[in-house]
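Novice: Input: one structure, supplied below.
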Amino acid sequence: MTAAESDAIRVIEAEAIPARFARGWHCLGPAEKFSDGRPHTVNAFGQKLVVFRGANGNLNVLDAYCRHMGGDLSQGTVKGDEIACPFHDWRWGGDGRCKKIPYSRRVPLRARTAAWPTLLQDELLFVWNDPEGNPPPADVTIPRIEGVTSDEWTDWLWTETVVHTNCREVIDNVVDMAHFFYIHHSFPTYFKNIFEGHTATQIMKGKTRPDIARPDAEGNTMLGNTSVATYHGPAFMVDELTYHYQGFDLESVLINSHYPIDEHSFSLHSGIIVRRSEQLKGPAAEVTARKLSGFIQRGFEQDIAVWRTKTRIDNPLLCEEDGPVYQLRRWYEQFYTDAAEVTPEMTGRFEYEIDTTRPVEAWTRETEENLARRAAEGQPA
Amino acid sequence: MTVRQDDRLTDGMPMRPVRCRRCDGLVLARKSSWEQTSIQWTEEAMAACPSLADDRHATCPALLSAIREAVLNGELKIVDA
Ligand code: FES
Ligand SMILES: [Fe+2]
């Protein structure tokens, strides 16, 4: 780089947002929500979908617009295994085929609508989106979450929020160590990313900020946490999140998932289960799960507050203590590329461990200054 | 979206080839400090590495020492040095 180049004003670049939605499994939330025998409207992938459970117990996802005259199937009625359109009662099966038109002798040719492959796993409903229309490859899976079906763990506590920005913003969090300090008031001390195949992992250890820490109601002080979080595909992250307390650990599994509504908005979900233990007996585990869920919700709100006013940026200017944003986006690009065009660079293993020496020094100083200022102002530390 | 280059690689230090002493796998590596390491694996290196199969979240210790050795040999420069 020449002196003139390094002196030039840095210009923020942002291409048009692709009008294409990621290939992969997307979680729509707890299956229970869709299992009441009524049709449900889900706005996803730039379209309107109908989700319904037929009498046969199958959960189905179809394009909501009836191929007859465009009626909205999500306002219709489940009749047997099919969804009946509210306009003229055409019956659509979970495979996308029109099975019956009660007032007609036969179903016409071409009576087939779009049906999304579904997966019901660990009490969650997933849909497979593929702009090329191919079924999910056998090796592209969502891992089982053991705790969900075990009595040793609490049940899902699930939240959903609509966010009005493109979903790449939430993906960027995977590599953004510094924002955990500035936005989420945590204190990362270790940070590593690994991208491989359709997975992207963030391993983070953190300590409790002395200027934020408060003992909880039971008088336990959290010392820190260890988080191993992996995206399986473009939209479903499983975070094995352990909170360390004096003398014991609190284990949780956190889901951070989303599905795009359109290119300018997405539905952001969190799910949490907590392991019961000596310290978390009986209803205390549920209380803790609720507390953690509230904590995660606040984390989302902190992100959303930033996203609300920031700009999209394709060329972030990074320092050495930032994570691998470009390599993460290269990984993420595989989901927006035809399967045959995915390059080895997008899926090849990439590891990146940040040197946290300098950040830890700076953040230690900052937290100490906060404490000193509060002490000087006569507030409790 | 097009895939863009990380400016840190073009303005500062690019990734350089390093070969593992144990499995002979060839990767691209970069160190912005003694404590910081980036590793770009190839299919071949992944197939050759015996540690990867054990723990996909860990960095292969043999490869890591090969990278450190490359720094000590002067084959790999540290950005901050
Ligand atoms: S539009 Fe659906 S049955 Fe007529
Ligand atoms: Fe965040």
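Novice: Below 12 angstrom from the Cβ of A:Gly348, what's the summed charge of the other residues (Lys, Arg +1; Asp, Glu -1)? All intermediate terms of the calculation are to be shown ahead of the outcome.
Specialist: On the way: positive: A:Arg330, A:Arg349; negative: A:Glu196, A:Glu345, A:Glu351, B:Glu43, B:Glu44.
It works out to a net charge of -3.
Novice: In straight Cα distance, which aspartates and glutamates are under 17 Å from A:Lys281, not counting same-chain residues fewer than 8 positions off?
Specialist: A:Asp151, A:Glu152, A:Asp155, A:Asp216, A:Glu218, A:Asp249, A:Glu251
Novice: Please work through chain A and write down the cysteines that have no neighbouring cysteine Cβ at a distance under 4.7 Å.
Specialist: A:Cys27, A:Cys98, A:Cys167, A:Cys319
Novice: Accessible area of region B:16-72 with a 1.4 Å probe: how many percent of it is carbon plus sulfur? Numbers along the way, then the final one.
Specialist: Working: 1480 of 2880 Å².
Solvent-exposed carbon and sulfur of region B:16-72 make up 52 percent of the total.
Novice: What does the charge count near B:Gln5 come to, summing +1 for each Lys or Arg and -1 for each Asp or Glu among other residues with Cβ under 14 Å from its Cβ?
Specialist: On the way: positive: A:Arg329, A:Arg330, B:Arg4, B:Arg8, B:Arg30; negative: A:Glu13, A:Asp314, A:Glu333, A:Glu345, B:Asp6, B:Asp7, B:Asp11.
Charge balance near B:Gln5 sits at -2.
Novice: Convert each backbone phi in region A:227-238 into a coupling constant with the Karplus relation 6.51 cos²θ - 1.76 cosθ + 1.60 (shift: θ = phi - 60°), then list the ³J(HN,Hα) values in order as whole Hz, x for Gly and Pro.
Specialist: 10, 10, 10, 10, 7, 9, x, x, 8, 10, 10, 10
Novice: Separate question: Rounded to the nearest 500, what is chain A's calculated 222 nm mean residue ellipticity when only DSSP H runs of at least 4 contribute -39500 (n - 2.57) each, over all residues? Intermediate results must be reported in sequence, preceding the final value.
Specialist: On the way: 7 runs with 76 residues, N = 381.
That comes out to -6000 deg cm²/dmol.
Novice: If the cut-off is a Cα-Cα distance under 13 Å, which aspartates and glutamates reach A:Lys207, setting aside same-chain residues fewer than 8 apart in sequence?
Specialist: Filter leaves no residues.
Novice: I'd like the distance separating the alpha-carbon centroids of region A:124-143 and region A:150-218, in whole Å.
Specialist: Distance between centres, Cα-based: 25 Å.
Novice: Tell me the mean residue ellipticity at 222 nm calculated for chain B from its helices only (DSSP H runs of n ≥ 4, each -39500 (n - 2.57), averaged over every residue, nearest 500). Kindly include the intermediate steps, with their values, before the conclusion.
Specialist: Values: 2 runs with 18 residues, N = 81.
Taking each H run of at least 4 residues, the total per residue is -6500 deg cm²/dmol.
Novice: Using 28 Å as the Cα-Cα cut-off, could you pick out the over-long pairs in A:Lys310/B:Lys31; A:Lys48/A:Lys100; A:Lys310/B:Lys77? Could you put the intermediate results ahead of the total?
Specialist: Values: A:Lys310/B:Lys31 31 Å; A:Lys48/A:Lys100 23 Å; A:Lys310/B:Lys77 36 Å.
Exceeds cut-off: A:Lys310/B:Lys31; A:Lys310/B:Lys77.
Novice: Taking 0.36 nm per residue of sequence separation and subtracting the Cα-Cα distance, how much length would be gained by fully extending the chain between A:Asp338 and A:Ala362, in nm to one decimal?
Specialist: Numbers: separation 24, 0.36 × 24 = 8.64 nm, distance 4.38 nm.
Length gained, A:Asp338 through A:Ala362: 4.3 nm.
Novice: Among A:Leu254, A:Leu223, A:Leu371, which one shows the highest mean-square fluctuation when chain A is modelled as a Gaussian network with alpha-carbon springs under 10 Å?
Specialist: The residue with the greatest mean-square fluctuation here is A:Leu371.
Novice: Right, here's the next one. Output the relative contact order of region A:24-129, whole-number percent, from Cα pairs under 8 angstrom with separation of 6+ residues. Don't skip to the answer; put the middle values down first.
Specialist: On the way: 242 pairs, mean separation 29.5, N = 106.
In percent, rounded to a whole number, it is 28.
Novice: A further question on this structure: Let's test the formula: R0 of 60 Å, r as the Cβ-Cβ distance of A:Arg38 and B:Arg4. What FRET efficiency results, to the nearest 0.05?
Specialist: Numbers: r = 46 Å, r/R0 = 0.76.
Computed FRET efficiency for A:Arg38 and B:Arg4: 0.85.
Novice: Further question on the same structure: At a Förster distance of 60 Å, what's the computed FRET efficiency of B:Arg19 paired with A:Arg373, Cβ-Cβ distance as r, to 0.05? All intermediate terms of the calculation are to be shown ahead of the outcome.
Specialist: Working: r = 52 Å, r/R0 = 0.87.
For B:Arg19 and A:Arg373, the calculated efficiency is 0.70.
The values are calculated or read from the model by the stated rules, or taken from the named source; none is laboratory data. In this text, all values refer to a predicted model and were calculated from it rather than measured experimentally. Note that we place each Cβ from the backbone using ideal geometry, even for glycine, and neighbour counts take in every protein chain shown. The protein model used for the area step is the full one, side chains on, heavy atoms only, and it has no ligands, DNA or RNA in it. Shrake-Rupley method; radii C 1.70, N 1.55, O 1.52, S 1.80 Å.
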